[in-house]
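To start, the structure itself, in structure tokens.
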Amino acid sequence: MITKVVTQNQGNQALSRAWLATLEANYPERRVVPLERAPSYLKRFTLAQLERAGDPITRFKEIAADLARQASSAGPAHYPARTEIRHKSSITQPLKTARLRQLLKVRSRLSSLGLGRAEYRKRLAQIRDAGMLVMNPAGEFFPQGGETVLIYLLELRVAQLLGVPTVMVNLSFEVENPLLRRLAAYVMDQCHALEFRDDESAAAYREAGGVRSAAILPDAALLTPPPAAQQAFAGGATIALAINALQVRAAGLDADWIAFFDRLGSEGFDPVLTSNEWTTDEPFWADLLQGGKVRSEGREADCSEYVALLGRYDVVVSSRLHTCVLAIIAGTPVVPVETGTFKLTGFFKQIGLDTAPIKLGAPGWQDLVVDRIREAQRDRAAVVSRQSQKRDAAALRLRSGLSDLFGSVVPR
């Protein structure tokens, strides 16, 4: 299973754990081995290289074929005795400055010299000898997705060339690059099974030229267990906000959000910043935190602790899919907000909740968010009950749908 294994993202940690449990339940006679996503050795291959080729698709096929040939002489496969899917808050994700871009070019040149090849051949042996390969890219086929998407597609195609049954699951297909879309359709068409997180992703795959039928099921983080000792809500007006800071900046809404925090405080709310993607969001919070307008909570929490934390809030306002999912599991009303994507819209449609995400930047969006918060507060128990009923029904459908999906794929 190619997934996030060591991650600073509590949502990815919850998702990977859910997929591990799902595969173990569907293949009880098999051992499931998680492999980390996006191995660094493959970062030597870039979209720019393919685009410079006379025929990018043919060049992609040549690279995949060469990797598959290396697998044939990679020696016996060795799998770790145990792999723990864990949270590591110290992982950083620096912003792409000119200095970072320069370092990335150096790394690419070093990779081209073959450094790391021996280590990657060990991974090729693991893929070569697997009974099946399940790939969980989750949200990384995002609109501006580039080299990371290319790496997923390369490894998937290598497994196919080696005769390994392949399954891609839990995918939001948002990638916009025309070449990546063509490559994705070519590789995904040859999977033994596909599963998307929403109808919009399935439609985008078809628009890219994809022809394979696919299951449409909610995000598998929905299978995360609730807190072991869930406490009853004690009351209060603490509003947690988990907002994708990159999307806010890209939409030019920085000043609007600072004003919105001021408004929440003036209307008697106690706003708290949190996130399931701290290394992306926290750098953008510096002015807010230093100015004392708001505090933050949950940076060191793993996914189980994060669910418990979300259960303590009055309401959670989130543009992050997995914070929405985990808050619903925690039994907290969620106000979803969205910018430039369809992931949240697709998820709420999938689980049958009519709580349509509020579009950030739309006319009157701040009023709409405040109104939705107050609606949730007025009858919190009823909101939580409705969310929980939809959550449980969707989880049952998800388990059943995945059982059918994996029942159609026989490992070697």
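The values are calculated or read from the model by the stated rules, or taken from the named source; none is laboratory data. All values reported here derive from a predicted model rather than from experimental measurement. Every residue, glycine among them, receives a Cβ derived from its backbone with ideal geometry; neighbour counts consider all protein chains shown.
Which helices (runs of 4 or more DSSP H) does the range 251-359 wholly contain that include 2 or more residues that are in contact (Cβ under 8 Å) with a residue 60 or more places away in the chain?
On the way: elements: 254-266, 278-281, 286-290, 303-310, 321-330, 343-350.
Counting at least 2 such residues, we get 254-266, 278-281, 303-310, 321-330, 343-350.
State yes or no: is L124 outside any loop (DSSP other than H, G, I, E, B), modelled with pLDDT under 95 and not assigned by TED's automatic domain parsing to the domain that holds Q350? Can you show your working first?
Numbers: outside any loop (DSSP other than H, G, I, E, B): yes; modelled with pLDDT under 95: no; not assigned by TED's automatic domain parsing to the domain that holds Q350: yes.
Criteria not met by L124.
Mind checking which pairs have a first residue in the range 381-399 that is over 16 Å from F347 (Cβ atoms) and a second that is buried (at least 16 other Cβ atoms within 10 Å of the Cβ), Cβ under 6 Å, 6 or more apart or different chains?
Short answer, once both residue conditions are applied: V383/P333; V383/A376; V384/G331.
Taking the options R197, R295, R212, name whichever one is of a type in the set (K, R) and out of contact with any Asp or Glu (no Cβ under 7 Å at 6 or more places or on another chain).
Answer to the selection: R295.
Every residue in the range 396-412 that is part of a helix (DSSP H, G or I) and over 15 Å from E195 (Cα atoms), please.
Residue satisfying the conditions is L396 alone.
With respect to the numbered conditions (1) touching a strand residue (DSSP E or B) at 6+ places or on another chain (Cβ under 6 Å); (2) at pLDDT 95 or above, which one is the sole condition not fulfilled by V211?
The failed condition is (1).
Considering the range 113-164 alone, what residues qualify as being in contact with a Ser or Thr (Cβ under 9 Å, 6 or more places away or on another chain), polar (S, T, N, Q) and farther than 22 Å from Q13 by Cα?
Residue satisfying the conditions is Q160 alone.
Condition check ((1) over 17 Å from A138 (Cβ atoms); (2) in a loop (DSSP other than H, G, I, E, B); (3) in contact (Cβ under 8 Å) with a residue 60 or more places away in the chain; (4) out of contact with any strand residue (DSSP E or B) (no Cβ under 6 Å at 6 or more places or on another chain)) across all residues:
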| residue | (1), (2), (3), (4) |
| --- | --- |
| A184 | no, no, no, yes |
| Q190 | yes, yes, no, yes |
| E195 | no, no, yes, no |
| A204 | no, no, no, yes |
| P218 | no, yes, yes, yes |
| A221 | no, no, yes, yes |
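Kindly indicate whether any position in the range 312-335 is over 29 Å from I216 (Cβ atoms), over 18 Å from the mean Cα position of the chain (by Cα) and surrounded by fewer than 23 Cβ atoms within 10 Å (Cβ to Cβ).
yes
Just to be sure before I move on: is R197 of a type outside the set (G, A, S), in the same structural domain as R37 (by TED's automatic domain parsing), closer than 30 Å to V337 by Cα and surrounded by 23 or more Cβ atoms within 10 Å (Cβ to Cβ) in the structure I sent? Write out each step before concluding.
Values: of a type outside the set (G, A, S): yes; in the same structural domain as R37 (by TED's automatic domain parsing): yes; closer than 30 Å to V337 by Cα: yes; surrounded by 23 or more Cβ atoms within 10 Å (Cβ to Cβ): yes.
Yes: the conditions hold for R197.
Does the range 74-93 hold any residues that are in contact with a helix residue (DSSP H, G or I) (Cβ under 8 Å, 6 or more places away or on another chain) and small (G, A, S), and which are they?
A74, G75, A77, S89
Residue check, F173 against (1) aromatic (F, W, Y); (2) touching a residue at least 40 places away in the same chain (Cβ under 8 Å); (3) touching a strand residue (DSSP E or B) at 6+ places or on another chain (Cβ under 8 Å), all met but one. Which one?
Single failed check for F173: (2).
Per-residue answers, yes or no, for (1) at pLDDT below 95; (2) over 16 Å from the mean Cα position of the chain (by Cα); (3) more than 20 Å from V149 (Cβ to Cβ):
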position	(1), (2), (3)
Q8	yes, no, yes
Q13	no, no, yes
N26	no, yes, yes
A53	yes, yes, no
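Which of the helices (runs of 4 or more DSSP H) contained wholly in the range 1-82 include at least 2 residues that are acidic (D, E)?
Numbers: elements: 10-26, 47-52, 56-72.
Qualifying helices (runs of 4 or more DSSP H): 56-72.
Return the residues of the range 34-50 that are among the aliphatic types (A, V, I, L, M) and without any contact (Cβ under 8 Å) to a residue 40 or more places away in the chain; say none if nothing qualifies.
From the range 34-50, those among the aliphatic types (A, V, I, L, M) are 35, 38, 42, 47-48, 50; that's our starting set.
Listed by number, the list holds a single entry, A48.
Go through the range 325-342 residue by residue and tally those that are polar (S, T, N, Q) and at pLDDT 95 or above.
We begin by selecting, within the range 325-342, every residue polar (S, T, N, Q); these are 332, 339, 341.
If we keep only those that are at pLDDT 95 or above as well, we get 332.
Within the range 325-342, residues that are polar (S, T, N, Q) and at pLDDT 95 or above number 1.
Test of understanding: among D354, D379, which residue is modelled with pLDDT under 95, out of contact with any Leu (no Cβ under 7 Å at 6 or more places or on another chain) and either farther than 25 Å from A204 by Cα or among the aliphatic types (A, V, I, L, M) (or both)? Quick ask: steps written out before the conclusion?
Numbers: D354 fails: either farther than 25 Å from A204 by Cα or among the aliphatic types (A, V, I, L, M) (or both).
Being modelled with pLDDT under 95, out of contact with any Leu (no Cβ under 7 Å at 6 or more places or on another chain) and either farther than 25 Å from A204 by Cα or among the aliphatic types (A, V, I, L, M) (or both) holds for just one of D354, D379, which is D379.
Taking the criterion of being out of contact with any helix residue (DSSP H, G or I) (no Cβ under 7 Å at 6 or more places or on another chain), over 21 Å from R372 (Cα atoms) and at pLDDT 85 or above, would at least one residue in the range 255-271 satisfy it?
Yes: one or more hits.
Those residues that are among the hydrophobic types (A, V, I, L, M, F, W, C) and either surrounded by fewer than 21 Cβ atoms within 10 Å (Cβ to Cβ) or closer than 23 Å to L171 by Cβ (or both), I need them from the range 338-368; list them, please. So that I can check it myself, show each step before the final result.
From the range 338-368, those among the hydrophobic types (A, V, I, L, M, F, W, C) are 342, 344, 347-348, 351, 353, 356, 358, 360, 362, 365, 368; that's our starting set.
Once the filter is applied, which keeps residues that are among the hydrophobic types (A, V, I, L, M, F, W, C) and either surrounded by fewer than 21 Cβ atoms within 10 Å (Cβ to Cβ) or closer than 23 Å to L171 by Cβ (or both), the range 338-368 yields F342, L344, F347, F348, I351, L353, A356, A362, W365, L368.
If you go through the range 214-231 one residue at a time, do you hit one that is of a type in the set (A, V, I, L, M), at pLDDT below 95 and not assigned by TED's automatic domain parsing to the domain that holds R69?
Filtering the range 214-231 down to residues of a type in the set (A, V, I, L, M) leaves 214-217, 220-223, 228-229.
So of that shortlist, the ones also at pLDDT below 95 come out as 228-229.
Now restrict to residues that are not assigned by TED's automatic domain parsing to the domain that holds R69: 228-229.
Yes.
Filter the range 17-33 for residues that are over 25 Å from V307 (Cβ atoms) and without any contact (Cβ under 8 Å) to a residue 60 or more places away in the chain and give the result. Before you say what the answer is, go through the steps one by one.
We begin by selecting, within the range 17-33, every residue over 25 Å from V307 (Cβ atoms); these are 27-31, 33.
Passing the criteria: P28, E29, R31.
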